[in-house]
1. Check Glu329, Glu315 and return the single one that is in contact with a Cys (Cβ under 7 Å, 6 or more places away or on another chain), surrounded by fewer than 24 Cβ atoms within 10 Å (Cβ to Cβ) and assigned to a helix (DSSP H, G or I).
2. Return the residue satisfying two criteria in turn: it lies in region 464-474 and is of a type in the set (Gly, Ala, Ser) and in a strand (DSSP E or B), and of such residues it is surrounded by the fewest Cβ atoms within 10 Å (Cβ to Cβ).
3. What do you reckon, is Ser386 open to solvent by less than 10 Å² (accessible area, probe 1.4 Å), more than 12 Å from the ligand (Cβ to nearest atom), over 30 Å from Gly588 (Cα atoms) and not charged (D, E, K, R)?
4. Only one of Ile64, Ile45, Ile51 is open to solvent by less than 50 Å² (accessible area, probe 1.4 Å), of a type in the set (A, V, I, L, M) and closer than 30 Å to Asp354 by Cβ. Can you tell me which?
5. Taking the stated definitions as given, is Tyr476 of a type in the set (Phe, Trp, Tyr) and within 31 Å of the chain's Cα centre (by Cα)?
6. Which residues, counting only those in region 292-312, are closer than 18 Å to Pro335 by Cα, open to solvent by less than 10 Å² (accessible area, probe 1.4 Å) and within 13 Å of the ligand (Cβ to nearest atom)?
7. Determine whether Leu388 is under 18 Å from Leu413 (Cβ atoms), outside any helix (DSSP H, G or I) and out of contact with any helix residue (DSSP H, G or I) (no Cβ under 7 Å at 6 or more places or on another chain).
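The values are calculated or read from the model by the stated rules, or taken from the named source; none is laboratory data. Remember, predicted model here, so these are calculated numbers, not experimental data. For neighbour counting, all protein chains shown are included, and Cβ atoms are generated from backbone atoms with ideal geometry for every residue, glycine included. These accessible areas exclude ligands, DNA and RNA; they are computed on the full protein's heavy atoms, side chains included. Shrake-Rupley method; radii C 1.70, N 1.55, O 1.52, S 1.80 Å.
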Amino acid sequence: MCGIVGYVGKNNAVPVILSGLYKLEYRGYDSAGIAVIENEALKVIKTKGRIKDLDEKIRSYGEINTNCAIGHTRWATHGAPSDVNSHPHISKNGRIAIVHNGIIENFLELREMLEAKGFEFVSQTDTEVVAHLFELNYKGNALEALQDTTKQLRGSYAIGVVTADAPSEIVCARKDNPLIIGIGEGENILGSDIPAIIGTTKNYIILNDNETARVTCEGVEVYNALGDNVSKEIHVVDWDISAAEKGGYEHFMMKEICEQAKAVKDTLSPRITKLLPNMSETKLSPEMFKNVRNIHIVACGSALYAGLVGKHIIEKLARIPCLANVASEFRYNDPIIDENDLCIVVSQSGETADTLAAMREAKKRGAKTLAIVNVVGSSAAREADSVLYTWAGPEIAVATTKAYSAQLSAMYLVAVYAAMSKGILTEEMAMGYCKEIMDLPELIDEVIKTREQVQYLASIYSNRSSTFFIGRGIDYAAAQEASLKLKEISYVHSEAYAAGELKHGTISLIEDGTLVVALANDDDVYEKTLSNIKSVKARGANVILVTNKNVTADPEICDHVIKIPKTIAELSASLSIVPMQLLAYYIGVYRGCDIDMPRNLAKSVTVE
Ligand code: F6R
């Protein structure tokens, strides 16, 4: 979704902003822009399209020398992608420029009020009201104007403002949308996330909801909702800029697929001591699980599918009823959840609006909350009662791979810990599970070796217009993630089905040449899945079987076998998903798709 960068400091701000915007590309966007203060005048350059288009447009203006600028990537919500709807937006007097992420819910009523006062609107965006409202509130002090403005806004925002009156100052505010401020020496930089600022500094503060800040070369002042100056903890980024670069891979997605063993190992290692789960760094306690009535997992997209695997393993090992809920539905469904329940939110970014809203609803109803989250200091991490970080490192490709795998690992740990807390697993049994879990990174590296075979299969099937992924139990949960990966990366229609459910209607869609990918890694239901596979094969489907069994292609069952290593069934999604990610990747490549930035998608979905 939209991204913000703002720089004020000793260097020319333009290259810093452009480099920050390039780093934010992965969030998804359709237009971009920059506002600079040069010789005490405001200049705004913006365009529909990519950062490189903006880069070229800026060059066409000749050399710009300024020590203060703000930049933006826009992901259209109100108004189509266009030059005029791009940010920054300018106030009526042309002396104030603003960038905004989020949605201003009362923009129509504000727009009417401003129009009645003679303000004219040139765009269809909700953001333009903020620029004019700011001008209305401006009495010579930008920070005060911003504080007055935000009091009149309903909705979510991260806002950055520059004014021609104060050419070396940026003011900013945040509510329900991430904003961090990098603290450098003689330079400071704001950004929507760490990749945008890491080229300037590794030290940063996190702006909280309803806080505002004044950023100059000399320093950063932060104020709370009451207008009191507050001191902030300085965080230090613990990864290097190279972690957010491609490192020789053609796409971030492939790099991140190949980094999965490390992501899983880094997530597991600090939490397994003497082959038992060690949750001392979280606020989880055995009592919490001993007495819990239900577990509600809430998440979106792939994180939800990681939650589905979590549901299986928690119910199997700990015998606690567990629901995996679509976060955007959860809070509107009057959920049955209270102080006897635990809500687990799963999120890579920790900023997904639907997930945060669901977590807040669960909290409001008294439930305890645990966040399984990748981005340190994100909203989910700060608001949950306990946090279990997935140490996947920065994930840049829009389609998640390594963060999903790390989420599965965190789920396994929670399941074993819960089962021990309830006395269902003895120490010895728990050690057995932990041993299998600790073996996963090595096995994941083993599955990556299917890469060439999968590339070959992708070359055969990249022209198919529809694909089905089928499986039972954990395999069905993994099939859902596999199907989402294919859709988002290659734009091929696909569906995931419980293998036994196809015959209740959907099998009518199977015809000669339909691609069916069948996942069968659970001995208990292997034979049953085989019968379902035979029924699609008999109707002309081309079948790829993904299994840990020693089988070969058989004309009655499947055209190809992707063999994966054996682990216990509950953990098999960690292995079966890897060739599925590779399949989506290569089909996307063969179809000429934009792998790291698929159309219409955003990395962090901060609107409902
Ligand atoms: C798919 C994908 C999305 C995210 C979803 C939740 O590849 O990345 O489906 O999983 O938008 O995002 P987070 O995990 O940041 O809450």
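1. Numbers: Glu329 fails: in contact with a Cys (Cβ under 7 Å, 6 or more places away or on another chain).
On inspection, the qualifying residue turns out to be Glu315.
2. Initial filter on region 464-474 (of a type in the set (Gly, Ala, Ser)): 465-466, 471, 473.
The next check asks that each one be in a strand (DSSP E or B); those that pass are 466, 471.
Values: Ser466: 15, Gly471: 29.
Restricting to residues being of a type in the set (Gly, Ala, Ser) and in a strand (DSSP E or B), the top hit is Ser466.
3. Judged against the criteria, Ser386 is a match.
4. Numbers: Ile64 fails: closer than 30 Å to Asp354 by Cβ; Ile45 fails: closer than 30 Å to Asp354 by Cβ.
So the residue among Ile64, Ile45, Ile51 that is open to solvent by less than 50 Å² (accessible area, probe 1.4 Å), of a type in the set (A, V, I, L, M) and closer than 30 Å to Asp354 by Cβ is Ile51.
5. Values: of a type in the set (Phe, Trp, Tyr): yes; within 31 Å of the chain's Cα centre (by Cα): yes.
Taking the combined requirement at face value, the residue satisfies it.
6. Of everything in region 292-312, those that are closer than 18 Å to Pro335 by Cα, open to solvent by less than 10 Å² (accessible area, probe 1.4 Å) and within 13 Å of the ligand (Cβ to nearest atom) turn out to be Ile297, Val298, Ala299, Gly307.
7. Numbers: under 18 Å from Leu413 (Cβ atoms): yes; outside any helix (DSSP H, G or I): yes; out of contact with any helix residue (DSSP H, G or I) (no Cβ under 7 Å at 6 or more places or on another chain): no.
Against the criterion (under 18 Å from Leu413 (Cβ atoms), outside any helix (DSSP H, G or I) and out of contact with any helix residue (DSSP H, G or I) (no Cβ under 7 Å at 6 or more places or on another chain)), Leu388 does not qualify.
Residue by residue, here is whether (1) surrounded by fewer than 19 Cβ atoms within 10 Å (Cβ to Cβ); (2) within 25 Å of Ser604 (Cβ to Cβ); (3) within 16 Å of the ligand (Cβ to nearest atom) holds:
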| site | (1), (2), (3) |
| --- | --- |
| Leu275 | yes, no, no |
| Lys290 | yes, no, no |
| Arg319 | yes, no, no |
| Asp341 | no, no, no |
| Asn374 | no, yes, yes |
